[in-house]
Structures are given as C-alpha cells and as structure tokens.
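Worksheet: one structure, shown below.
The values are calculated or read from the model by the stated rules, or taken from the named source; none is laboratory data. For clarity, every value in this text was computed on a predicted model and none was experimentally measured. Note that we place each Cβ from the backbone using ideal geometry, even for glycine, and neighbour counts take in every protein chain shown.
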C-alpha cells in the first residue's frame, strides 16, 4: 500500500467474510461497490487520509492549497491516467497511482509561489458496472481572493481517452466556472452509463475537495 492510499481493499473475499454474502456464489460489481460505499469511514481510514493531508499542508510552505480526498467505491481498482494544472501544481506527494475498491486516495494541490490560485484536475481509469473501461475526472477551483470568487468543483465520467485532447480542458474549465460547491456526474446527459462521480469542496484557504467514485443504483 502506498503512502497516499488508506484502507484495505474490498474484494470478493472481503464480502465472503460478511454474513449476508457467506453463501453467495454470484457476487457482482454492484455488491462490491455497495459494501465499499457503506464502509467509507470504516477503521478510521478517512481520518488517517485527512491526517496525512494535514501533515502535507503543514510542510507545504504556501498559504493556499486544496486538500484532495478520493474514495473508490466502483468495485474495482482505479488507476491514474493524467492531470491538468490551470493554476498551481501538485504538492510534495505525487498523485496516488492506484486506488483499490474501498480505499481513500489523497494528495495536496498548492498554489505556486508566484501565482494566486490552486486550480486543477485529475483523471483515473476505472470500469462501469458491465466491466467496460472509462475515465473519471475530478476538477477543483480554489481561488485566493474569496471575497470576489467562490471555490468550485466539477466531475465527469466519459469513455477512455476523452480527457487527452487539450481542447477538452478548455470546455471543462468553463463548465467548472458554472458549477458550485458540489457536482454529480449523473446530472450530465453524456455521463458514462451506470457510473456516479460526485465531488464537493469547502471555501477556505485550504478547503477539502472530496470525490466519491461509485456506481449508480448502489
């Protein structure tokens, strides 16, 4: 387990240890996703993820950043694909490369010493309920001057490689500017069928941006 992921993976073996699945020989992706979602804060894994971010915050050396928490309840491992920095950059710890079902991933995004804001996005590759691969994107906008601008968050789930073209990021930035403190990908007509990616963000100088990757009907 890497330094930036927290919790034990939730697999078929995990479910077999639960009374309701003990004699179930047809465990589905929805089952694994549902158990992972129900165990989101089990064994204080969410607390340990936040403590890790607070440690990064204390050492970052700047006065503005975004504490990013990603929870995977999609039934399968999600893997880092790419990222986008509009303003600022990743902090001292890299993006989690893999986040297993039932784990929290964490990273700190900070403003540059010469710039005012922390605005970025990250993309992970996962699967929809039928096992088809797709890309899950979380974005956040944390401005310095909150008297004039609010924080924002936005999320999408699309076919693989949807977020590779540079032109896509301009559209996402504009959509994020029309978003608010919370966004759910299921509101989007083009959302990958069966997938649900929600993200929320606070409104201070080091807000938490919390994203939950899961499946619909969980």
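So in region 125-142, with the set limited to residues that are within 15 Å of residue 89 (Cα to Cα) and more than 10 Å from the chain's Cα centre (by Cα), which one is surrounded by the fewest Cβ atoms within 10 Å (Cβ to Cβ)?
The residue in question is 141.
Please work out which one of (1) part of a loop (DSSP other than H, G, I, E, B); (2) at pLDDT 95 or above; (3) out of contact with any helix residue (DSSP H, G or I) (no Cβ under 7 Å at 6 or more places or on another chain) is the condition residue 10 fails and give its number.
All conditions are met except number (3).
Of the conditions (1) outside any strand (DSSP E or B); (2) at pLDDT 95 or above; (3) within 18 Å of the chain's Cα centre (by Cα), residue 70 fails just one. Which one is it?
For residue 70, the failing item is (1).
Hey, any hits in region 159-173 for a residue that's in a strand (DSSP E or B) and touching a residue at least 24 places away in the same chain (Cβ under 8 Å)?
Within region 159-173 (the criterion being in a strand (DSSP E or B) and touching a residue at least 24 places away in the same chain (Cβ under 8 Å)), the answer is yes, since at least one residue qualifies.
Looking at 37, 15, 56, which one is outside any loop (DSSP other than H, G, I, E, B) and more than 24 Å from residue 130 (Cα to Cα)?
Among 37, 15, 56, only 56 is outside any loop (DSSP other than H, G, I, E, B) and more than 24 Å from residue 130 (Cα to Cα).
Quick check: anything in region 41-57 surrounded by 14 or more Cβ atoms within 10 Å (Cβ to Cβ) and more than 16 Å from residue 103 (Cα to Cα)?
Yes.
One line per residue, one yes/no per condition, for (1) under 29 Å from residue 12 (Cα atoms); (2) without any contact (Cβ under 8 Å) to a residue 40 or more places away in the chain; (3) in contact with a helix residue (DSSP H, G or I) (Cβ under 6 Å, 6 or more places away or on another chain):
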site	(1), (2), (3)
81	yes, no, no
99	yes, no, no
102	yes, no, yes
147	no, yes, no
